[in-house]
Amino acid sequence: MAIRKVSLQSDLRDAVLPSAWVESQDCVQFIRNALRRAFSRTRCYSSARNTVRREITVANRRRIQYSCNHCNKWFFRADTQVDHIQPVEDVAHEMVRADGKFDWNRFIDRLFTTNLQVLCKSCHSAKSTAENAHRKAMKKANKLAKVGQYDRGTK
Ligand SMILES: [Zn+2]
């Protein structure tokens, strides 16, 4: 039987997954995205907005607004996002177990949480940018530390 290439858009039900794909970063990313989507459909996720909402009347229509937890301004739903206060993938820890495989338990524990806040898109983007920069710096520092250990060990 021929193995067909599986893209992220394809229907996985009938797919014959090449074992190389199952082991790949593509597969890890695919499952991570699927879990994030699943969490975003939970009541836990949607109820994060309930405590920071108000009703206003615009042109005789009742509209709901949500308060951003960082800048405290009010926004319509489309301009807000639900954010994990403690990032799912934290800055110091890459989601990799000692054996080199992706740490699914840790990922799921971090993802499925009530540790959530509502942020406006601009505050959320600023927070993500800062987290990514920190993560990148930590990664670089860890790499240098490993090189240092190696140097010390061999000299
Ligand atoms: Zn904001």
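Annotations for the structure displayed:
- Odd one out for Ala78 among (1) assigned to a helix (DSSP H, G or I); (2) in contact with a Cys (Cβ under 9 Å, 6 or more places away or on another chain); (3) over 30 Å from Ala141 (Cβ atoms): (2)
- Any hit, segment 33-50, residues being of a type in the set (A, V, I, L, M), under 21 Å from the mean Cα position of the chain (by Cα) and either within 13 Å of the ligand (Cβ to nearest atom) or in a strand (DSSP E or B) (or both): no
- Residues of segment 109-127 that turn out to be in contact with a helix residue (DSSP H, G or I) (Cβ under 7 Å, 6 or more places away or on another chain) and either under 18 Å from Ala34 (Cβ atoms) or in a helix (DSSP H, G or I) (or both), as a count: 3
- Picking from residues in segment 81-108 that are loosely packed, with under 15 Cβ neighbours inside 10 Å and in contact with an Asp or Glu (Cβ under 8 Å, 6 or more places away or on another chain), the one that is farthest from Ala34 (Cα to Cα) is Arg97.
- Test: residue in segment 61-75 that is over 20 Å from Asn33 (Cα atoms) and hydroxyl-bearing (Ser, Thr, Tyr): yes
- Across segment 99-116, a minimum of one residue is classified as in contact with a strand residue (DSSP E or B) (Cβ under 9 Å, 6 or more places away or on another chain), closer than 17 Å to Tyr45 by Cα and within 16 Å of the ligand (Cβ to nearest atom).
- Restricting segment 45-72 to residues that are of a type in the set (Lys, Arg) and surrounded by 13 or more Cβ atoms within 10 Å (Cβ to Cβ) leaves a set whose member that is nearest to Leu116 (Cα to Cα) is Arg49.
- When Asn72 is tested against (1) within 16 Å of the ligand (Cβ to nearest atom); (2) assigned to a helix (DSSP H, G or I), just one condition goes unmet, and that condition is (2).
- Among the residues of segment 128-143, those identified as surrounded by 14 or more Cβ atoms within 10 Å (Cβ to Cβ) and either in a strand (DSSP E or B) or away from the ligand (no atom under 16 Å from the Cβ) (or both) are His134, Arg135, Met138.
Rule-based calculations on the coordinates, nothing more; no lab input. If you're wondering where the values come from, they're calculated on a predicted model, not measured in any experiment. With ideal geometry, Cβ positions are generated from the backbone for all residues, glycine too; neighbour counts draw on all protein chains shown.
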